Amino acid sequence: MFNFAHLSDPHLTTLKQIPWSALINKRLMGYISWKTHRRAEHRREVLDLLLSSLQEHHLDHIVVTGDLTHLGLPQEFKEARQWLDSLNSIADTTVIPGNHETYIPTSYQATLKQWTPYFQSDSQEFIKQAPSEKDTPCFPSLRLRGPVAFIGVSSACPTPPFLATGRIDSKQMGDLEQILRSPSLNGFFKVLLIHHPPIPGSTRWRKRLTNAAQLSHILSQHPVDLILHGHTHQCSVAFLDTLKNDPIPVIGMPSASAKGIKPGYQSQYCLFHLNQENHTFRLSASLYHYIPEKEQFTFSRPLPLP
């Protein structure tokens with residue numbers, strides 16, 4: 001059995017001692033949002049309780065589908081790296097970026113590069129970078145863990161004010177299709193990690209994945225076994241139709257640090273159990289949620305899977 005957990009959108013950074021010069025752009029709007037209400041909702045003590053709950057399971061892997069920061073500032077990436085190190089002490093960890101990591105165009109060296117050990121591919125067999133691209137994040141990532149191939153894509157990109165859309169660039173899309181077509185992954189249970197929901201129409205227009213239809217088309221022809229995402233701050237279960245196989249389960253998790261001031265938005269995580277018998281995989285999923293009155297996480301319900 002291979003056990004892995006999915007959490008998302010922890011928004012864990014504190015935004016202490018932010019220089020005002022760093023806010024003379026779109027970040028000012030995000031800072032005001034954090035100052036007025038988000039800091040009351042996204043609580044480090046809730047996130048600490050979630051990590052304690054994770055320790056109760058015998059996990060082989062943990063995935064985090066983006067939005068560890070609030071404003072994508074370099075100091076936030078340093079703070080988030082320390083948290084990733086603590087998470088990695090519980091179980092081997094994979095992360096992908098979310099839209100809050102790319103609030104505005106920022107130096108890769110000062111930001112996302114600090115998380116390299118948690119998204120770097122095991123092999124460069126499928127992902128080719130030109131010399132001019134050596135200082136850019138390399139997605140999709142491919143990390144083989146036991147019977148599972150974790151495939152991470154980045155939908156994070158800077159956007160104008162009032163937009164939180166995502167997009168997978170054309171190079172990533174082509175590399176992803178090459179990975180999914182490869183016979184090297186035959187026999188692996190393929191899990192796609194993405195921040196934005198991949199199904200067209202599954203979130204508000206200003207928060208959508210702008211080329212979700214293109215991604216869905218590729219996945220319909222070259223299916224994965226499971227898709228995990230975040231971004232909406234709500235638990236969701238959907239299914240993406242394919243041409244050959246059963247529909248792909250698409251599971252979204254709410255913010256891992258959410259106190260739940262707004263009903264239905266409290267912190268949750270999902271625990272997956274993968275069994276393999278006679279070359280056939282069987283996956284089960286259990287949802288755990290935060291109970292504010294008890295200040296603890298508890299089993300909520302199983303999630304429906306094919």
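The values are calculated or read from the model by the stated rules, or taken from the named source; none is laboratory data. These figures come from a predicted structure and were not determined experimentally. Every residue, glycine as well, gets a Cβ built from its backbone with ideal geometry; the counts of neighbours run over all protein chains shown.
Look at LYS244 and say whether it is at negative phi and touching an Asp or Glu at 6+ places or on another chain (Cβ under 8 Å).
Spelling it out, it is not the case that LYS244 is at negative phi and touching an Asp or Glu at 6+ places or on another chain (Cβ under 8 Å).
Quick one: would you say SER154 is modelled with pLDDT of 95 or more and either among the hydroxyl-bearing types (Ser, Thr, Tyr) or surrounded by fewer than 14 Cβ atoms within 10 Å (Cβ to Cβ) (or both)?
Spelling it out, SER154 is indeed modelled with pLDDT of 95 or more and either among the hydroxyl-bearing types (Ser, Thr, Tyr) or surrounded by fewer than 14 Cβ atoms within 10 Å (Cβ to Cβ) (or both).
Just one of the numbered conditions (1) at pLDDT 95 or above; (2) of a type in the set (A, V, I, L, M, F, W, C); (3) in a loop (DSSP other than H, G, I, E, B) is not true of LEU142; which one?
(3)
Tell me the strands (runs of 3 or more DSSP E) entirely within the range 180-240 that contain at least 3 residues that are hydrophobic (A, V, I, L, M, F, W, C) and touching a residue at least 60 places away in the same chain (Cβ under 8 Å). Even if it seems obvious, please write down each step before you answer.
Details: elements: 189-193, 226-229, 236-240.
Here the list reads 189-193.
Exactly one condition in (1) free of Cβ contacts under 8 Å to residues at least 12 places away in the same chain; (2) in contact with a Phe, Trp or Tyr (Cβ under 8 Å, 6 or more places away or on another chain); (3) part of a loop (DSSP other than H, G, I, E, B); (4) not acidic (Asp, Glu) is false for PRO263; which is it?
Tallying (1) free of Cβ contacts under 8 Å to residues at least 12 places away in the same chain; (2) in contact with a Phe, Trp or Tyr (Cβ under 8 Å, 6 or more places away or on another chain); (3) part of a loop (DSSP other than H, G, I, E, B); (4) not acidic (Asp, Glu), PRO263 fails exactly one: (2).
Being outside any strand (DSSP E or B) and more than 24 Å from SER52 (Cα to Cα) is the requirement here; does PRO306 meet it?
So PRO306 passes the test.
For GLU56, work out the one condition from (1) in a loop (DSSP other than H, G, I, E, B); (2) closer than 25 Å to ARG143 by Cβ; (3) touching a residue at least 40 places away in the same chain (Cβ under 8 Å) it doesn't fulfil.
In the conditions (1) in a loop (DSSP other than H, G, I, E, B); (2) closer than 25 Å to ARG143 by Cβ; (3) touching a residue at least 40 places away in the same chain (Cβ under 8 Å), GLU56 misses (3) alone.
Looking only at the range 3-41, filter to residues that are in a helix (DSSP H, G or I) and in contact with a strand residue (DSSP E or B) (Cβ under 9 Å, 6 or more places away or on another chain); which one of those is nearest to LYS262 (Cα to Cα)? Can you show your working first?
Narrowing the range 3-41 to residues in a helix (DSSP H, G or I): 20-23, 27-41.
With in contact with a strand residue (DSSP E or B) (Cβ under 9 Å, 6 or more places away or on another chain) added as a condition, the list becomes 34, 41.
Numbers: TRP34: 15, GLU41: 9 Å.
It comes out as GLU41.
Please determine, by comparing only the residues of the range 256-289 that are at pLDDT 90 or above and of a type in the set (Lys, Arg), which one is surrounded by the fewest Cβ atoms within 10 Å (Cβ to Cβ).
ARG282
The rows are residues; the columns are (1) hydrophobic (A, V, I, L, M, F, W, C); (2) touching a strand residue (DSSP E or B) at 6+ places or on another chain (Cβ under 6 Å).
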| position | (1), (2) |
| --- | --- |
| ALA212 | yes, no |
| SER220 | no, no |
| HIS229 | no, yes |
| ILE248 | yes, yes |
| GLU277 | no, no |
| HIS289 | no, yes |
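For the range 146-179, give me the residue count where each residue is among the small types (Gly, Ala, Ser) and not in a loop (DSSP other than H, G, I, E, B).
5
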